[in-house]
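First comes the structure, then the notes that go with it.
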Amino acid sequence: MIKCPECHRKFPVYRAGDHFITEKGIVFFCSSQCCQRYSTNIVPTYVYKKSLISILITVPILLMVYLFTVFEIEKKSIQTGYKQYINSFSMYFPDKIKIRNAIKFPETANQDLHHDPLAAKNISLKILEKTIHGNLVNIWEIQAAEVLAQTGNKIAIKKLIQAARNAIPSHRMRISEILAKLGDEESYNFLRKHMNNRTSPLHILSTFALGRLGDKSSIKHLRKLMMMTETRFAASEAIAASGDSGGLAWLYAKAKNSRRQGDRVKAACVLARLGDKRVKIILKTALEKGSFKFASAVALGHLGDKSAVPVLEKALKHPGLRIEASYSLADLKSFNSYTIMEKDLSSDVYENRVSAAISTFILLNARPAEISSNCSFSSVSNINEYYPILKGTLM
């Protein structure tokens, strides 16, 4: 005879109504109702033990994942210039994510600027100098250094030279092209070295870069690349920039006769950058009716067409478009467009602030001399005069 643990009635084992398996063994019940009541009222101890073991295993793993995530965020903040706080609230409301600057930019208040070009130029200059204070590891820092280097800034040129040694291939090509444009012979040699090596992974990129720089030695390589469908467009752009009549003819034919509007506009934009006014009608049509308003506006700006100003000024509100738009607005002498970006000069978001500073600096540095005596971009004829270059750093 055994005793039912629920109703405490004694009964023989062979008359058991149900049973329950626990960690200690099998528990018999006089009826299935007693078994059901027992199982719902009392949770077996082994369930607690297994839950505790699961917690003890899971919590350290989650803690390690959290610490690793924090470490990666800290590491990224050093590279990109801003820190981003992540919490469960921000997962459901991304627009509420808090971002603060890792770099301490000069404090500015929009109301203190009063549309003063000189004040805006000085603020943007300070932001750019802060942006390039570390290693140049992202495209914003490289663009900031490029704009400063175009004015002969010695620190920016030094930073570009140092970055060229350790940058990833795509950034290294970009930096080498910037330095070569400034007259650095070592950068030219680096590009020529990879252009002449057909097995180099940088062969095509270096060929395009030298073509855009007007290097005549790239023409024979670009003609070969024009025969390949994948590289034909970029090769024709580069070969046209080097002054080859074949590339110009191919681009003009594409701009005039291509069935695809995108190809027509793209070819016309390249020719506009080269100063070819024959494509003005194509670009104005695309600006008024097509789907490529921004590209057309940028190209028309290079040709001096004021009808592009409204579209370009709209583009100044977007961090990804404003730098390209500012170059065209500078060509159009629409210098006061910088006021559109004054608010972003004090933005907490890194990309907004730096892109606004770059664009403001471009516009105000191209402004006539009433702002300052050295406001216009100057081509650096000999980069070694501005900063002593470590020979062979790019090779």
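Restricting segment 334-362 to residues that are charged (D, E, K, R) and at pLDDT below 90 leaves a set whose member that is farthest from residue 115 (Cα to Cα) is 351. Note on segment 291-316: among residues that are in contact (Cβ under 8 Å) with a residue 24 or more places away in the chain, out of contact with any helix residue (DSSP H, G or I) (no Cβ under 6 Å at 6 or more places or on another chain) and not hydrophobic (A, V, I, L, M, F, W, C), the one that is nearest to residue 254 (Cα to Cα) is 291. Scanning segment 211-237 for residues that are among the aliphatic types (A, V, I, L, M) and assigned to a helix (DSSP H, G or I) yields 219, 222, 225, 234, 235.
Listed conditions (1) within 23 Å of residue 358 (Cβ to Cβ); (2) in contact with a Gly (Cβ under 9 Å, 6 or more places away or on another chain) are all met by residue 179, apart from (2).
Flag not set for residue 137, criterion: surrounded by 19 or more Cβ atoms within 10 Å (Cβ to Cβ) and either over 20 Å from residue 351 (Cα atoms) or not charged (D, E, K, R) (or both).
Of the listed requirements (1) modelled with pLDDT of 90 or more; (2) crowded, with 21+ Cβ neighbours inside 10 Å, residue 394 misses just one: (1).
Which one is modelled with the highest pLDDT, of the residues in segment 107-124 that are touching an Asp or Glu at 6+ places or on another chain (Cβ under 7 Å) and surrounded by 14 or more Cβ atoms within 10 Å (Cβ to Cβ)? Result: 120.
Reported count of residues in segment 314-332, each being within 17 Å of the chain's Cα centre (by Cα) and either more than 15 Å from residue 293 (Cα to Cα) or not in a helix (DSSP H, G or I) (or both), is 7. Here the condition is being over 22 Å from residue 170 (Cβ atoms), assigned by TED's automatic domain parsing to the domain that holds residue 277 and touching a helix residue (DSSP H, G or I) at 6+ places or on another chain (Cβ under 8 Å); of 254, 220, 216, it holds for 254 alone. Note on segment 232-248: among residues that are buried (at least 20 other Cβ atoms within 10 Å of the Cβ), over 26 Å from the mean Cα position of the chain (by Cα) and of a type outside the set (Val, Ile, Thr), the one that is modelled with the lowest pLDDT is 244.
Among the residues of segment 155-187, the ones that are among the hydroxyl-bearing types (Ser, Thr, Tyr) and crowded, with 19+ Cβ neighbours inside 10 Å come to 2 in all.
The values are calculated or read from the model by the stated rules, or taken from the named source; none is laboratory data. Just so you know, these numbers come straight off a predicted model, no measurement behind them. Positions of Cβ are backbone-derived with ideal geometry, glycine not excepted, and every protein chain shown enters the neighbour counts.
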